[in-house]
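Reviewing the structure listed below.
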Amino acid sequence: MQILSHFSSKASSTLSSLSLPRLCLSTALNFRRRPSKFPFYPSNNFGIPRLPLLACNLSSGRSQQQAPMDSPPPEATAASVDSVTHDLQNQSLAGDEKIRKSESNGVSNTHRVRLKLEDLNWDNSFTRELPGDPRTDTIPREVLHACYTKVSPSAEVENPQLVAWSESVAEFLDLDPKEFERPDFPLLFSGASPLVGSLPYAQCYGGHQFGMWAGQLGDGRAITLGEVLNSKSERWELQLKGAGKTPYSRFADGLAVLRSSIREFLCSEAMHNLGIPTTRALCLVTTGKFVTRDMFYDGNPKEEPGAIVCRVSPSFLRFGSYQIHAAREKEDLEIVRTLADYAIRHHFPHIENMSRSESLSFNTGNEEVLDLTSNKYAAWAVEVAERTASLVARWQGVGFTHGVLNTDNMSILGLTIDYGPFGFLDAFDPSYTPNTTDLPGRRYCFANQPDIGLWNIAQFTRTLVAAKLIDDKEANYAMERYGTKFMDDYQAIMTKKLGLPKYIKQLISKLLNNMAIDKVDYTNFFRLLSNIKADPNIPEDELLNPLKAVLLDIGQERKEAWISWVKIYIEELASSGISNEERKASMNAVNPKYVLRNYLCQSAIDAAEQGDFEEVRRVLKVMERPYDEQPGMEKYARLPPAWAYRPGVCMLSCSS
């Protein structure tokens with residue numbers, strides 16, 4: 001079974017026609033040897049051995065039957081393993097959330113650390129602890145035996161301007177928000193003036209792009225300034241995207257345009273406020289220069305305003321950061337170990353300190369026991385897999401489609417990273433892809449994201465096997481855990497979205513099928529669903545009244561299908577014993593009213609390209625409270641206008 005079975009037969013046929021390895025969630029939950037036609041790994045010249053498949057079953061000290069994916073996740077089963085990643089939400093990017101809570105509790109903020117830029121506490125562990133490129137030039141080349149190249153921002157600027165900024169990001173960096181008012185702030189964050197204490201570099205990594213090994217990729221236009229340690233000893237990397245050429249730029253110019261930079265800035269902050277792990281954005285500045293881009297790759301380039309966004313993350317390490325060294329084999333395999341040790345030491349310290357007394361042992365079949373405490377790399381692989389699964393489940397919950405799920409765009413921390421041609425679902429279409437490059441096969445469409453996440457985890461674990469950090473059983477177990485974790489989280493999310501006391505597969509599958517047939521707006525439907533009352537006595541001709549705004553232009557046959565579903569739904573609500581008011585509040589807390597629809601981005605972009613940045617700031621403000629009603633802001637929750645379906649708005653290319 002794949003996640004697509006929740007949607008429609010049309011969506012399922014879309015996946016079956018894809019020319020990609022058929023690694024799916026059912027594989028992760030029940031590893032069995034498969035026919036040789038199953039291309040578990042793509043063809044390439046890695047020379048890395050393939051992993052044999054084996055049956056894996058979770059055990060907590062006694063024999064256990066594996067729970068089928070269709071059934072609600074057994075709470076005991078989930079709890080026995082989720083200790084590996086139980087702190088996912090708190091550990092990822094919650095610094096500003098803690099501040100927000102203290103404010104709501106009436107705690108004084110007068111003792112909050114507020115630093116000037118010159119006083120930031122830089123600790124550049126990446127360049128200090130990992131092997132670097134002996135060269136510092138930006139000539140495009142293959143960079144061997146190194147994790148990074150020291151380079152400085154080189155984008156030309158002329159009177160750069162501050163477009164937008166995030167005060168919540170400044171807070172967890174301990175940065176005084178008054179620093180945004182500095183006249184030289186745009187110069188510093190365009191890279192024209194160096195930040196005191198920074199040590200800029202570009203990271204070396206590789207990756208699979210659209211299922212094919214692409215070799216060396218690396219930071220072609222992103223330059224990391226270094227790492228800042230805040231007053232809580234939290235580590236944050238600051239990175240300028242669009243700051244100029246690096247050795248990894250290949251034939252590109254290393255620059256970024258205002259259009260794509262606004263999208264990245266706004267979505268980084270919008271996703272965080274939706275509660276989805278993500279890299280963040282401190283600020284966005286224009287360069288004052290123009291950049292030539294062929295937006296549709298149709299031979300019609302044009303000049304667009306240049307811009308630079310400052311991205312912030314505990315780490316920008318990706319799956320591809322490890323793949324590139326495994327692909328080169330020989331002495332570079334040792335770099336995989338060095339880089340894994342670095343990641344565990346700084347970003348997974350609980351694994352470093354794990355003891356055998358924690359009893360993380362699991363039955364993998366054939367009377368074999370897998371002890372995660374005996375191999376920190378195996379425990380790490382499992383956590384990376386689970387974080388990734390949890391992230392993808394949250395994407396599915398809010399209707400987010402990343403658009404470019406290449407392995408170089410997969411964070412080892414389970415964060416959403418690299419916002420290119422992304423899109424939130426408007427009309428519900430499981431086969432929706434926002435990326436024009438993805439149109440032929442729709443590899444990265446909304447419905448395929450869970451399976452692609454697993455495929456990418458397979459490439460990551462395969463890298464660790466090649467470096468002899470984990471064995472085949474441990475790699476397969478990590479993939480199994482991905483499948484189980486995804487389904488546990490996805491089922492929990494969908495249960496909460498419908499305000500149900502338990503997961504009911506048939507009810508949810510029928511709902512999503514109805515939504516796909518009638519192209520119902522994903523966000524607005526779930527928000528309005530909370531208005532349905534748990535009253536079996538509502539007259540049949542009034543049942544659909546709460547959903548009237550989203551059930552548009554449906555005929556009598558479809559109306560009857562929806563009435564049938566609503567009746568069953570109301571029966572389930574009535575049996576739960578939860579009051580209408582309580583359920584509405586809990587549903588509205590997980591079903592956002594506002595998401596960053598592509599047309600909202602485009603409206604802000606159109607104004608900004610004319611020198612008016614106010615709409616960017618207004619959209620940012622609305623997206624800071626996506627679950628609140630925000631009276632007066634209703635226009636930001638409207639269905640897309642007709643112009644939003646033009647090329648370059650609802651669908652985009654990777655040109656940025």
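Details
- Each peptide in 328-340, 299-311, 482-494, 426-438 was scored by the mean count of other Cβ atoms within 10 Å over its residues; highest first, the order is 482-494, 426-438, 299-311, 328-340.
- Overall form of the range 552-651 per C-alpha gyration tensor (a/c, 1.5; a/b vs b/c): oblate
- Point-charge dipole on Cβ atoms (K/R +1, D/E -1) for the range 108-326, about Cα centre, debye to 20: 300 debye
- Each of TYR594, TYR627 was scored by other Cβ atoms within 10 Å of its Cβ. Arranged with the fewest first, they read TYR627, TYR594.
- Averaging the Cα positions of each part gives two centres, and for the range 596-656 and the range 127-142 these lie 39 Å apart.
- Prolate/oblate/rounded call for the range 163-312, Cα gyration tensor, a/c under 1.5 rounded: prolate
- HN-Hα J in Hz across the range 127-132 - Karplus 6.51, -1.76, 1.60, θ = phi - 60°, x for Gly and Pro: 6, 7, 9, 10, x, x
- Distance from the Cα centroid of the range 484-554 to that of the range 286-357 is 38 Å (rounded to whole angstrom).
- Across the range 208-271, counting alpha-carbon atoms alone, Rg and Dmax equal 14.6, 43 Å.
- Peptides 629-640, 395-406, 316-327 ranked from most to least packed, by the mean per-residue count of other Cβ atoms within 10 Å: 316-327, 395-406, 629-640.
- Subset of LYS505/LYS584; LYS505/LYS559; LYS232/LYS468; LYS485/LYS533; LYS505/LYS533; LYS502/LYS621 violating a 30 Å alpha-carbon distance limit: LYS232/LYS468; LYS485/LYS533; LYS502/LYS621
- Debye intensity ratio in log₁₀ form over the Cα atoms of the range 273-358, taken at each q of 0.13, 0.14, 0.15, 0.21 Å⁻¹: -0.79, -0.85, -0.90, -1.02
- Dipole magnitude for the range 507-594: computed about the Cα centre from +1 point charges on Lys and Arg Cβ and -1 point charges on Asp and Glu Cβ, it is near 320 debye.
- Kirkwood estimate for the range 505-577, i.e. one over the average of 1/r between Cα atoms, Å: 12.5 Å
- For the range 246-330, with +1 on Lys and Arg beta carbons and -1 on Asp and Glu, the positive-most of ILE324, MET295, LEU282 along the dipole: ILE324
Each value in this text was obtained by applying a stated rule to the coordinates, not by laboratory testing. Since we're looking at a predicted model, the values are computed, not measured. Neighbour counts are summed over all protein chains in view; Cβ atoms, including those assigned to glycine, are modelled from backbone coordinates with ideal geometry.
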